[in-house]
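Notes for the one structure printed next.
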Amino acid sequence: MEQELLQQNAQHKDWACTEDMMKLTKGGKALYMHPLPADITGVSAEEGEVDGSVFDRYRNQLYKQASFKPYVIAAMIFLSKFKNPAEILTNLEARGKARQDYK
């Protein structure tokens, strides 16, 4: 599978989010977002998908976005396990019990 994905990635080696590409956006102010991890040219890869300067400019926004991933994943798991998740959450809230702390 890894080899298959590497071959797929090789088909897009000619594409990267560069400063020149960003200049083509409205006022040169497009917001660069990526689900991370990203291959950053000159930082984590010789030929990445984003220039280091572009990544650095949006580093805070990227890391903030990435910080939500555990909650999104937990919500997706919860939604896939129960038929009526809203009812379950309402019942849990109605109990008024704090989460148990394991020390």
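Quick check on the stretch 5-15. Is at least one of its residues surrounded by fewer than 10 Cβ atoms within 10 Å (Cβ to Cβ) and closer than 30 Å to residue 89 by Cα?
No - not one qualifying residue is present in the stretch 5-15.
Of all residues in the stretch 25-62, which are of a type in the set (S, T, N, Q) and either within 17 Å of residue 13 (Cβ to Cβ) or not in a loop (DSSP other than H, G, I, E, B) (or both)?
Answer for the stretch 25-62, where residues must be of a type in the set (S, T, N, Q) and either within 17 Å of residue 13 (Cβ to Cβ) or not in a loop (DSSP other than H, G, I, E, B) (or both): 41, 44, 53, 60, 61.
In this structure, does residue 42 turn out to be of a type in the set (Gly, Ala, Ser), at pLDDT below 95, more than 26 Å from residue 6 (Cβ to Cβ) and touching a helix residue (DSSP H, G or I) at 6+ places or on another chain (Cβ under 7 Å)?
no
For the stretch 17-40, name all the residues that are buried (at least 16 other Cβ atoms within 10 Å of the Cβ) and under 24 Å from residue 69 (Cα atoms).
17, 32, 34, 38, 39, 40
Residues are listed down the side, and each one gets a yes or a no for (1) at pLDDT 95 or above; (2) not in a helix (DSSP H, G or I):
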{"residue": "64", "(1), (2)": "yes, no"}
{"residue": "71", "(1), (2)": "yes, no"}
{"residue": "80", "(1), (2)": "yes, no"}
{"residue": "92", "(1), (2)": "no, no"}
{"residue": "98", "(1), (2)": "no, yes"}
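Sort out which residues of the stretch 54-103 are under 30 Å from residue 20 (Cβ atoms) and of a type in the set (Val, Ile, Thr), and write them in order of number.
Of everything in the stretch 54-103, just one residue is under 30 Å from residue 20 (Cβ atoms) and of a type in the set (Val, Ile, Thr), namely 54.
Give me a count of the residues in the stretch 44-53 that are within 21 Å of residue 69 (Cβ to Cβ) and not small (Gly, Ala, Ser).
2
The values are calculated or read from the model by the stated rules, or taken from the named source; none is laboratory data. On a predicted model such as this, the values are computed, not experimentally measured, just so you know. Counting neighbours? That spans all protein chains shown, and the Cβs are built from the backbone with ideal geometry, glycine included.
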